[in-house]
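For reference, the structure discussed in these notes is given below.
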Amino acid sequence: MSSITPAIWRLIWQSTLQTLQMVSLSTLFSVILGLPLGILLCITSPVSQGGLRPRPVLNEVLGRVVNILRSFPFIILIILLFPLSRLIVGTAIGTKSTIVPLSIAAAPFVARVVETALKEVDPGVVQAAKTMGSTDLQIVFKVLLPEALPSLVSGLTLTIINLIGYSAMAGAVGGGGLGDLAIRYGYQRFRTDVLLVAVVVILVLVEVVQFAGNRISAKMMSKR
Amino acid sequence: MAGEVELQIELKNLVRTYDNVHAVEDVSLSIPSNQIFGIIGLSGAGKSTLVRLISLLEKPDSGEIYYDDERVDSLAEKELIKRRRHVGMIFQNFNLFSSRTAGQNIAYPMEICRYSRDEIESRVVELLDLVGLSDRKNAPISTLSGGQKQRVAIARALACRPDILFCDEATSALDPKTTQSILALIKDIQKKMNLTVVMITHQMEVVRDACDYVAVLSEGKVVEQGPVKELFSHPKTNVTKEFMSHLVSNTRGVTEEGVVLWSDFPAHYILRFMDNRVETPVISHVVRRYDVSFNIVGAGIQKVGDIKVGTMVCDISGDDEMVAKAIASLKKRGITVEEVHV
């Protein structure tokens, strides 16, 4: 087993950057997709669960779609979404194209995280806002979201960590990043040391995100 | 009770049913303006539902609600939101926004009513001053005591200058001393702002200490209503009498009203003497005439509104027939006799 040459170190660095790019962009897009979906899931739910505008049919349909997407094995989802990636990014392989399935896989997760966080807001507070003559939009943006912010941050932390894991998996189908490196160099070329380094970098990323998320959430709570 | 009474809130035959259970069953009430009106009832009597109906949070299955002469139960969504902005409400659990400071909580209703930034700023200061919390403007809600939280809630409820203030069990989570200070604040504000205050409670002492009028709610119906003084001097229904007996059992030991119980011996009767009879020797008369004996366990004088109510907790013993006659005689003399089931 040869030692890790500077060229390989550079490769590891590039892969790390690719992973960071994939994770940050897909976090952004999954929030853009998942946040409205989560809000919709919350406000269309039955009154007993804190729904502002109960719409049973819409709620049921949205819930089902979210469940189906969430129970889909990620690796299959990437393959199924190849055509979509090609349509949006122009290619189905590489870092950028992986962002499409990553975002779509994480969006329903974000939606559930948002839904749960909003439903945890004290119904009494929502009732108070209602008696003061708040519109539904004001309740969502001035009451529900701010009140739920600490749990939303915790949920976002969880989403990012999930995405780091997913992005590594995307390496199996030529997605780029640390997972790709680990599979192509570490596994297929029997470079256990490269595999190990890739895994350690992923672990460090997860730890850093978890630590930062916890700190932000705790700081918010301490100001309340 | 002179002076003209304008009917500010009028409820007509309100009915609200949940899963075949009548939460509110045919309630009609006239709530006069510029007064503190109490609605008292045990849990399950339909109070919370009634509040949700009067405060326009829910629509009745049938019946009508009028604010002044405007029918408000059938308003469209937009009008409803507009109307709610002139209604203040405070709650048992305060329901403050934990994501906002005390000052920002008070600012909320003004933000949604699109007050200007300067206006909000100056009104927040003014309101904090009104409720005696000038120095807690930037305090996070969790750092406030229960009484302070309710003060912030009151300031928030008053922010948009409402003409009605609903208090939904507003003092039920507070200790007796804090309850008194919050009631004093509400009374003070009611006078200053000419508010119509509706207080929903299960505590008779709240009615006694703060309300002008009261309606007693039981099983979704109003069983008795009238000026507080009258209700206290001549309670008609058992529900009301039970509430009054709670008042006494709550005051075991020395209390601020001066009812002193010097024995925990379970007495069977509570006698109430109104204003003019406090000084007549009724008891001696009854003892001599019917040959019964009184064992007095506790007594005192309570003030209800402007009148004095003498309360005596006692046992009456002797021949059963004579005891019955003695009680009848007491009642004939205008003394309220309540039997306590121990």
Considering only DSSP beta bridges whose two residues both sit in the protein assembly as shown, what percent are antiparallel, to the nearest 5? 70 percent
Could you give the length gained on full extension between B:V287 and B:D68, defined as 0.36 nm per residue of separation minus the Cα-Cα distance, in nm? 73.4 nm
Could you tell me the relative contact order of the range B:7-233? Use alpha-carbon pairs under 8 Å, at least six residues apart, and round to a whole percent. 30 percent
Cα centre as origin, Lys/Arg/Asp/Glu Cβ charges: the protein assembly as shown dipole, Debye: 2320 debye
Can you pick out the pairs among B:K82/B:K149; A:K142/B:K192; A:K130/B:K192; A:K142/B:K149; B:K187/B:K229 whose Cα atoms lie more than 24 Å from each other? B:K82/B:K149; A:K142/B:K192; A:K130/B:K192
For chain A, longest principal axis from Cα atoms; helix A:145-170 axis from its Cα atoms; angle between them, nearest 10 degrees, is 30 degrees
If you find the alpha carbon centre of the range B:113-172 and of the range A:1-60, how far apart are they in angstrom? 39 Å
For the residue pair B:E321 and A:V200, what label-to-label distance in nm results when each label sits 7 Å from Cα along the Cα-to-beta-carbon direction? 10.6 nm
I need the helices of chain B that pass two filters: whole DSSP H segments spanning 15 Å or more by Cα along the axis, and mean Kyte-Doolittle score no lower than 0.0. B:102-112, B:320-332
Taking B:K12 as the anchor, which lysines have their alpha carbon closer than 18 Å to its alpha carbon, excluding any fewer than eight residues away along the same chain? B:K47, B:K59, B:K221
Using 0.36 nm times the number of residues separating A:E207 and A:R86, minus their current alpha carbon distance, what extension gain do you get? 40.2 nm
Distribution output for chain B: share of Cα-Cα pairs per 20 Å bin in percent, first bin at 0, values 28, 50, 19, 2
Taking R0 as 56 Å, what FRET efficiency do you get between B:V21 and B:H234 from their Cβ-Cβ distance, rounded to the nearest 0.05? 0.95
For the protein assembly as shown (alpha-carbon point model, no solvent) the Debye-based log₁₀ I(q)/I(0) at q = 0.09 Å⁻¹ works out to -0.82
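Coordinate-derived values only; no laboratory data. A quick note: this is a predicted structure, and the numbers were derived from the prediction, not measured. Virtual Cβ from ideal backbone geometry, glycine too; neighbours counted across all protein chains shown.
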